[in-house]
Amino acid sequence: MTTVQERETIAIQFAEKMNEDELLNCMRCGFCLPHCPTYIESGLKESHSPRGRIALMKAVADGVIEPDRDVERSLSLCLGCRACEPVCPSGVKYGHLLEEARDIIHQNKKHSFPVKTIRKAVFSGLFPHQERMQTMTSLLGFYQKSGLQYMARKTGVLNMLPDNLSAMEKVLPKVPKKSEMKNRPTELPAIGPPLKKVAFFSGCLMDTMFLETNKATLKLLQLAGCEIVIPKSQACCGALHGHSGEKAGAKQLAKRNIEAFETEEVDYIITNAGGCGAFLIDYDHLLQDEQEWHDRAISFKNKLKDISQILVDLRFQEKVQLKLPAQSVTFQDSCHLRNVMNTSLAPRILLQSIEGIDFREMKDADRCCGSAGIYNIVESEMSMNILDSKMEHTKSTQADIVVTANPGCLLQMQLGIERENLGECTKAVHIADLLIKAVAL
């Protein structure tokens, strides 16, 4: 809980830093309400809706209310899915307001020593350093392969963890060897006539824990006719920092990535993780107070495309035969891919082009699954409520495969499948992994 002095400082910075025009843009029309998962799952509680949270931000900025525990709780409970933005008639950039408010609160709040230590370890000590990410991932690999995982499950040690964490342990992917993570290519030729030259944003988790998905993505790009460069100096996108009130750290990572990619003469920068792509495409807003970097960020963002979009643009599905054994498939949208990168049709075009696939549209496929970075860990109750609703819609499709376009969504859907005991009949996969299997046959 914040002290009186901390609340006063936060209130002053709300007044100074929050975008007054953006706060006033909200007309309180309520179009956002039926699209907000926390509003729905909280029993239609106004303070857990986008317009309610904007009203709280405005009230703090105007000095009408204090930034107390209830205000902080309302902002913390938001998933940041940004489903409110596409339906807002005023075009309010709610996600930008939320990140600014969270940053002000966290930078002016005295965290307990354990919390401060953990935040420093994660935000400063781990994610900005890919070699440390590789080491951490290899430790997970040792746990999986050494027999420790078997012993932990056999002895029931994992039962001491909260239910969602013990279930999550069961759905973690088999991680690659450290040597595989370290020996990554920096250039790859097109297979066939080169059509475009692209740079690949490999990410931190994607190039460690989800390395096989990155390999599949690169192969798909080659088959589509892309020459590929993978800058070695690139870093984590900074999304976890930006969403958690660590704006300064997010800016540092953004600058590293802009520098890494702007020297490459490419047509596009390709991502395969919706969460990363959405944060990358917002670098111009993140760096808006630094004119030189803001201009460089605009050039960076103008080249960004999701893997599904570049494949459709290059007519990959028409040039390559895609075939799988007969099975039914549904698609769970990545919130950020759909709501921020405006990409929702391309994945469906690709899936429906696979021979043998019976594509079944999921009800509310565009509604958040409850993953939202580390939200399913820090806000597990709300996350699991949202996931339960998502799984009801998933089961109604009776699909064999649930396809996603983001690692967090993938793990969350796998967690839902585990919780519902659907593992025998339903699997969750990243779209790149499904497409490469379709090509291989």
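The values are calculated or read from the model by the stated rules, or taken from the named source; none is laboratory data. Keep in mind it's a predicted model, so treat the numbers as computed, not measured. Cβ: placed from backbone, ideal geometry, glycine included. Neighbour counts: every protein chain shown. The accessibility values were calculated without ligands, DNA or RNA, using every heavy atom of the protein model including side chains. Shrake-Rupley method; radii C 1.70, N 1.55, O 1.52, S 1.80 Å.
What to note about this one:
- Loop-located GluC sites (Glu not before Pro) in region 352-408 whose Cβ has at most 13 other Cβ within 10 Å (DSSP): 361
- Helices in the chain, meaning DSSP H runs of at least 4 residues, each add -39500 (n - 2.57). Divided by all residues, the mean residue ellipticity at 222 nm is -15000 deg cm²/dmol.
- The chain - percent of accessible surface contributed by carbon and sulfur, probe 1.4 Å: 53
- Taking the Cα centre of region 1-91 as origin and assigning +1 to Lys and Arg Cβ atoms and -1 to Asp and Glu Cβ atoms, the resulting dipole is close to 320 debye.
- Remark: relative contact order (the chain) = 14 percent; criterion is Cα-Cα distance under 8 angstrom and separation of 6 or more residues.
- Three-way shape label, region 1-138, alpha-carbon gyration tensor, a/c 1.5: oblate
- When you restrict to C-alpha pairs under 8 Å that are six or more residues apart and normalise by the size of region 1-91, the relative contact order lands at 39 percent.
- Only Lys, Arg, Asp and Glu carry charge here, each on its Cβ (+1 for the first two, -1 for the last two); on that basis the chain has a dipole of about 1300 debye about its Cα centre.
- Rolling a 1.4 angstrom probe over the protein heavy atoms with all chains in place gives the chain an accessible area of 45 Å² per residue.
- Selection from 188, 352, 143 lying farthest towards where the dipole of the chain points positive, charges on Cβ: 143
- Tensor-based shape of the chain (alpha-carbon gyration tensor, a/c under 1.5 rounded, otherwise prolate or oblate): rounded
- Expressed in units of 2.2 N^0.38 Å, where N is the residue count, the Cα radius of gyration of region 1-78 is 1.11.
- Per DSSP, loop trypsin sites (Lys or Arg not before Pro) in region 26-71 with at most 15 further Cβ within 10 Å: 28, 45
- Compactness of region 344-441 as Cα Rg over 2.2 N^0.38 Å, two decimals: 1.07
- Computing Rg and the Kirkwood Rh from the Cα coordinates of region 34-91 gives a ratio, Rg/Rh, of 0.97.
- Average projection area in nm² (convex hull over Cα atoms of region 283-377, one quarter of hull surface): 8.3
- For region 151-286, the equivalent ellipsoid derived from the Cα gyration tensor has semi-axes of 31, 22, 12 Å, listed largest first.
- For residue 131 and residue 374, a Förster radius of 22 Å and the Cβ-Cβ distance give a FRET efficiency of 0.50, rounded to the nearest 0.05.
- Dipole axis of the chain (+1 Lys, Arg; -1 Asp, Glu on Cβ), positive-most option in 11, 25, 76: 76
- Net +/- balance of residues flanking residue 72 in space, Cβ distance below 15 Å, scoring K and R +1, D and E -1: -2
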